[in-house]
Amino acid sequence: MASRDARAVPLALMLVGGVAVLLFCTARAPQRAPALANPLVDGVAARLVREYEEQGTGWFWQTDREGRVTYLSAKVAAELDTADTPAIGAPIRTLFRVDTNATETERTIAFHLASRTAFSNYSVRPAVPGKLERWWSMSGRPITDADGTFQGFIGNGSDLTERRRAEAEIARLALFDSLTGLANRQRMRQWLDQTLSQARGGRGTALFLLDLDRFKAVNDTLGHQTGDALLKQVAQRLVRAIGDSGLVGRLGGDEFQVVLPGMTEHDMLGTVARGVIEALSQPYSIDGSSISIGCSIGIAIAPEDGDDAETMVRNADLALYGAKGDGRGVHRFFKPAMLDGARSRKQIEDDLRHALAADQLHVAYQPVVSTASGRIVGYEALVRWEHPTRGSVSPAEFVPVAEDCGLIEAIGEWVLRTACIEAATWPDDIRVAVNVSPIQFANPALPTIVTSALARSGIVPGRLELEITEGVFLDETAQSEQMFKTLKAIGVRLALDDFGTGYSSLGYLKKAPFDKIKIDQGFVRGAAIPGNRNAAIIRAIVTLADALDMETTAEGVETQDEIALIRALGCSHIQGWAYGKAARAGEVPAQLAAQGGMPLASAPARSRPPRHTMIRTARIRAGDAAGEIRIRNLSPGGAMIDGIAIDGEATDVDVMIELVEDEMFPAKLRWAIDGRAGLEFESPFNMARLARPALPVRKAG
């Protein structure tokens, strides 16, 4: 065995294209060029080699004819030396292991040694047990003497350890979310593809898509740093809730995904989903703030809901959309009807884009009546759509689609201009109210649009009332405060719409210069029934408005006893079906002329039992016809639905409606108008059977 002192020494170093090429000389190698025997040249070459080995990442090696190491740069030899066997003198194939999936990895180098062929840039690591993780790039070639006799191998290498670590980190970042440490979208897609390929062999797979409820409000009010801290805690809770049952990933924003291999039972998946919702809905503590959010989940199951990743994700997303539509904070399984609904929404979107250009939309006006005089003092402008083949399309059906696809601003501007032009033909003391969505309110061009509509129609600003929902306060910024000031400077009136729902705060009334508060219809309905607390809430709102010198309008008034109560409670205005449905512009002059502008209330005498306001999708079946509708409100005795098309004056039709998931209840259709219908249940429905109450929603249109 050769000692380290006997190792060959490099005699010359040349730089070719920036790459070090060294010529070695051993005891057996002849001196082919007299210049190499020059002591000065030998000394310079030796110093350059030592400097390169000590300061750089490169190193050199050499073997004899038997493949034993005769030279190895000191820093690499130190990595490979053991207490029993030094690296110098050891067979080179026992020192390095090639990065390959072969069972016996040393055979790659052994093959080149045996066949005496060159190799280049092999990734190797120590084959010696117990050594630190280290990677090198290694190259070598055979050498011969002047007679062509094989003398061994000579080669070089460079340290790849840091590059390998960097590549590993890049690979980790490519597959894992940097904020939460969960698998990212790409990793989840790979995992889903893998599990679905197994599912094709008979093993099912479930996919959860999760979306956090009210997370945007946290980001907007407490800042993105708090939002990021919240997402980290959500990820930790989600991992604990799922445990070893599946892989958890973050797709981005507040969207998460869970792949659950082998789970297909609805009951089991429902239990897991409810556990996740409960875990994520518990309060969070971040920097001294207590934060409460929620979670909605859509579930798809392979292979019944799809056998490829794209289909599974689409169907789980449709189920998530259904969960959000049913009030959030719930889970929903994919149903084929959801896909039909999505296609219908896409068709509505396409038709709606055409409707704007084809004059299929029109504005209808619902009267606003003064409680003091009983006269009509204004109208609320409501958008309506007459489809050439589908007939009247409910605003509850197309307005959400318009908001989702970005058409709401164009429609809102058209309604504003049309309402102002048509109101110009009314008496000068009749106002017109127009809804402004949060999306429109966030547009800096809104004041210009309003000013243009006023100038084009010629009506004075004080006759225009802009109804603004509380949703605009989710993004309270200096821009929103400036928007209020600018609109008031124009001279228009401002009304806070649907007060008492969603994100109500008395602070809004202090900050925003409202002229009117519109009391949501959810407080009006049932207020006249003895024992109901709604009347006390209405009285409190009226007292507050009076103190702030604001008017009040009670929305959704439908019965004679509600009219009497609203007057007694001091509301300044009444609006609702009690004074008729919204009419086209051509009917307004006749309404204002009849009875001196004092409409007769054609409404039932007494209120019916209170109904719970909600948006809940459900299936309905009448004979052989079946479809999907939305339940707008529900009571033990009946429900109001929309999204239903009735030909003619069909009433007293027997139907079956899904009030609880996958459970149908008999009912009778009592009335239908403008895409809405009223159902009377065959027997009282137990309201406690609802999974949880749905959130109230703003009226559409």
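The values are calculated or read from the model by the stated rules, or taken from the named source; none is laboratory data. Bear in mind the structure is a predicted one, so any value in this text is a computation, not a measurement. Reconstructed Cβ throughout: ideal geometry from the backbone, glycine too, with neighbour counts over all protein chains shown. Areas reflect the complete protein model, heavy atoms only, side chains present, ligands, DNA and RNA absent. Shrake-Rupley method; radii C 1.70, N 1.55, O 1.52, S 1.80 Å.
Annotations for the structure displayed:
- Residue match in region 611-627 (condition: in a loop (DSSP other than H, G, I, E, B), modelled with pLDDT under 80, among the charged types (D, E, K, R) and touching a helix residue (DSSP H, G or I) at 6+ places or on another chain (Cβ under 8 Å)): no
- Of residues in region 262-278 being among the charged types (D, E, K, R) and assigned to a helix (DSSP H, G or I), the one surrounded by the most Cβ atoms within 10 Å (Cβ to Cβ): R274
- Condition met for L466 (modelled with pLDDT of 95 or more and in a strand (DSSP E or B)): yes
- Taking the criterion of being open to solvent by 20 Å² or more (accessible area, probe 1.4 Å), of a type in the set (G, A, S) and in contact with a Ser or Thr (Cβ under 7 Å, 6 or more places away or on another chain), the only residue of region 556-579 that qualifies is S572.
- Filtered residues of region 393-425 (kept if more than 22 Å from I673 (Cβ to Cβ) and of a type in the set (S, T, N, Q)): T418, T425
- Matching residues, region 381-392, being open to solvent by less than 10 Å² (accessible area, probe 1.4 Å) and either more than 19 Å from N435 (Cα to Cα) or assigned to a loop (DSSP other than H, G, I, E, B) (or both): none
- Selection over region 205-261 of residues that are among the hydrophobic types (A, V, I, L, M, F, W, C) and open to solvent by 20 Å² or more (accessible area, probe 1.4 Å) gives a count of 7.
- Number of positions in region 644-659 that are closer than 23 Å to G325 by Cα and either surrounded by fewer than 13 Cβ atoms within 10 Å (Cβ to Cβ) or modelled with pLDDT under 80 (or both): 2
- Filtered residues of region 304-320 (kept if in a loop (DSSP other than H, G, I, E, B) and in contact with a helix residue (DSSP H, G or I) (Cβ under 8 Å, 6 or more places away or on another chain)): D305, G306, D307, D308
- Answer residue from region 533-555, given it is under 21 Å from S602 (Cα atoms) and in contact (Cβ under 8 Å) with a residue 40 or more places away in the chain and is surrounded by the fewest Cβ atoms within 10 Å (Cβ to Cβ) among those: E555
- Residue match in region 684-692 (condition: basic (K, R), within 26 Å of the chain's Cα centre (by Cα) and at pLDDT below 80): yes
- Residue within region 581-603 that is open to solvent by 50 Å² or more (accessible area, probe 1.4 Å), touching an Asp or Glu at 6+ places or on another chain (Cβ under 6 Å), modelled with pLDDT under 90 and under 22 Å from A364 (Cα atoms) present: no
- Looking across C420, C405, one residue alone is surrounded by fewer than 19 Cβ atoms within 10 Å (Cβ to Cβ) and in contact (Cβ under 8 Å) with a residue 24 or more places away in the chain. It is C405.
- Checked against the criterion of being more than 30 Å from D429 (Cβ to Cβ), open to solvent by 30 Å² or more (accessible area, probe 1.4 Å) and among the hydrophobic types (A, V, I, L, M, F, W, C), region 357-380 has at least one qualifying residue.
- Looking only at region 423-445, and only at residues there that are modelled with pLDDT under 95 and part of a helix (DSSP H, G or I), the one that is most open to solvent (accessible area, probe 1.4 Å): I439
- Residue match in region 471-480 (condition: at pLDDT 95 or above, open to solvent by 50 Å² or more (accessible area, probe 1.4 Å) and farther than 17 Å from F514 by Cβ): no
- Filter result for T85 (touching a strand residue (DSSP E or B) at 6+ places or on another chain (Cβ under 9 Å) and either without any contact (Cβ under 8 Å) to a residue 12 or more places away in the chain or not in a loop (DSSP other than H, G, I, E, B) (or both)): no
- Screening R97 on (1) outside any strand (DSSP E or B); (2) out of contact with any Phe, Trp or Tyr (no Cβ under 9 Å at 6 or more places or on another chain); (3) at pLDDT below 90; (4) more than 16 Å from W59 (Cβ to Cβ) shows it passes everything except condition (1).
- Test: residue in region 321-343 that is of a type in the set (F, W, Y) and part of a loop (DSSP other than H, G, I, E, B): yes
- Any hit, region 660-673, residues being at pLDDT 80 or above and touching a helix residue (DSSP H, G or I) at 6+ places or on another chain (Cβ under 8 Å): yes
- Of all residues assigned to region 611-632, none qualifies as being of a type outside the set (V, I, T), more than 30 Å from W385 (Cβ to Cβ) and more than 35 Å from the chain's Cα centre (by Cα).
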